Amino acid sequence: MMVTEDPTVHQLRLLLTLAEELHFKRAATKLYLTQPALSQQIRSLEQRLGVQLFTRTSRRVELTPMGKALLPLVEKVVTATDDLRDAAARSAVGGERLRLGVCESFAALEATRSVLAAISELHPELGPDIEVVDFVEQMTVLDEDKIDAAFVYLPAPEGLHSHPLTTEPRVVCVASSDPLACYSSVTLADLADYPVVGLASQMFKEGRDFWAADPRPDGTPVRYTSHHVTRFESLLSMVSFGGAIAFVPSVAARLYPRPDIRYLPVLDLSDCTFGVVWRAGRDKPQLAVLAEICRRLRGQGLPAGIMQPPTPLPELEPLDV
């Protein structure tokens, strides 16, 4: 092989992930790529460098001796690029802090905490400043420019740029007194006769439809209660009284364990995605920093769940004073 063109930093990042996983499917999943797309990028990188980086068989992927020799240099290039971008972002940001909205207990999610920790560590000048919001407020405060971005479960309204972080199943919550509460799992057909707790009318239609699984795959019409819920705790309380259901992220079972609620897997219900959103077209350096941090963390594979409780401090002997 002969070197014909410089490699891109994006290709070098893909190389590092594949070198870590040594498995095209796992690496592609981690990178949010298809396997053919990842394979094509790696082949292109090998052609640009003029060397073979990996040996591939039907059973395994391994770095070649040249691939192992080049890996430390690749890491230096990627690290230097990240450092360059960070330095440029810090220079551009100036003294303006990043304002972030968090919907209720989403602050306890590992993804949220990871993003906030990365901002504080890499760009302490950005803050960030946090505002706790509900279902409706999370979008209105963006419209009113009271915050720069928000942590939300997708989908998001038109005109918002979204950066996904994690994906998890959706589950249905029913009253613990309901006959379905004794099931280990259900299907959407099992739920056809149950109304869905109504969300506030200010919430955008695509969001209301998604969280009601409306329309159902078989065309069954979805009925709604007359409620206009804006907060998650209120949603669960309405369910607990019986006769209605709500679809929620699976992490809710750990965030809101309640004796009057049962969370059930829904076998034919699609997953949901948690991420960060902001107004498209906003040319703010703070948002460029946020986007880069989200990209890096997603590439590392953020867990979909709540943060781990801290290790208890050891008991200390009283001091003699």
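For the range 49-101, filtered to residues that are in contact with a Gly (Cβ under 7 Å, 6 or more places away or on another chain) and within 30 Å of Ser162 (Cβ to Cβ), the residue that is modelled with the lowest pLDDT is Arg97. Only residues that are crowded, with 16+ Cβ neighbours inside 10 Å and among the charged types (D, E, K, R) were counted in the range 31-48, giving 2. A Cβ distance below 7 Å, combined with a sequence gap of six or more or placement on separate chains, defines the contacts here; from the range 12-30, residues that are in the same structural domain as Gln41 (by TED's automatic domain parsing) and surrounded by 16 or more Cβ atoms within 10 Å (Cβ to Cβ) reach residues that are among the β-branched types (Val, Ile, Thr) and not in a helix (DSSP H, G or I) in the pairs Phe24/Val61; Ala28/Thr34.
Cβ-Cβ distances below 6 Å connect the following pairs, each with a first residue in the range 36-53 that is under 21 Å from Pro65 (Cβ atoms), a second residue that is in a helix (DSSP H, G or I) and of a type in the set (D, E, K, R), and a separation of six or more residues or different chains: Gln52/Glu46; Leu53/Glu46. Taken across the range 215-224, residues that are more than 30 Å from Gly301 (Cβ to Cβ), among the aliphatic types (A, V, I, L, M) and in contact with a His (Cβ under 9 Å, 6 or more places away or on another chain) do not occur at all. Here is the figure for the range 230-264: residues that are under 17 Å from Ser185 (Cβ atoms) and over 20 Å from the mean Cα position of the chain (by Cα) total 6.
Here is a yes/no grid of residues against (1) at pLDDT 90 or above; (2) touching an Asp or Glu at 6+ places or on another chain (Cβ under 7 Å); (3) closer than 28 Å to Tyr32 by Cα:
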{"position": "Val248", "(1), (2), (3)": "yes, no, yes"}
{"position": "Asp260", "(1), (2), (3)": "yes, no, no"}
{"position": "Pro265", "(1), (2), (3)": "yes, no, yes"}
{"position": "Cys272", "(1), (2), (3)": "yes, yes, yes"}
{"position": "Gln286", "(1), (2), (3)": "no, yes, yes"}
{"position": "Arg298", "(1), (2), (3)": "no, no, yes"}
{"position": "Pro303", "(1), (2), (3)": "no, yes, yes"}
{"position": "Glu317", "(1), (2), (3)": "no, no, no"}
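Among the residues in the range 268-284, are any over 23 Å from Val133 (Cβ atoms) and not in a loop (DSSP other than H, G, I, E, B)?
Step one: list which residues in the range 268-284 are over 23 Å from Val133 (Cβ atoms), which gives 268-271, 283.
Add one more test, that the residue is not in a loop (DSSP other than H, G, I, E, B), and what stays is none.
No, every residue in the range 268-284 fails to be over 23 Å from Val133 (Cβ atoms) and not in a loop (DSSP other than H, G, I, E, B).
The values are calculated or read from the model by the stated rules, or taken from the named source; none is laboratory data. All figures in this text were calculated on a predicted structure; none of them were measured in a lab. Positions of Cβ are generated from backbone atoms using ideal geometry, with glycine treated the same way; all protein chains shown enter the neighbour counts.
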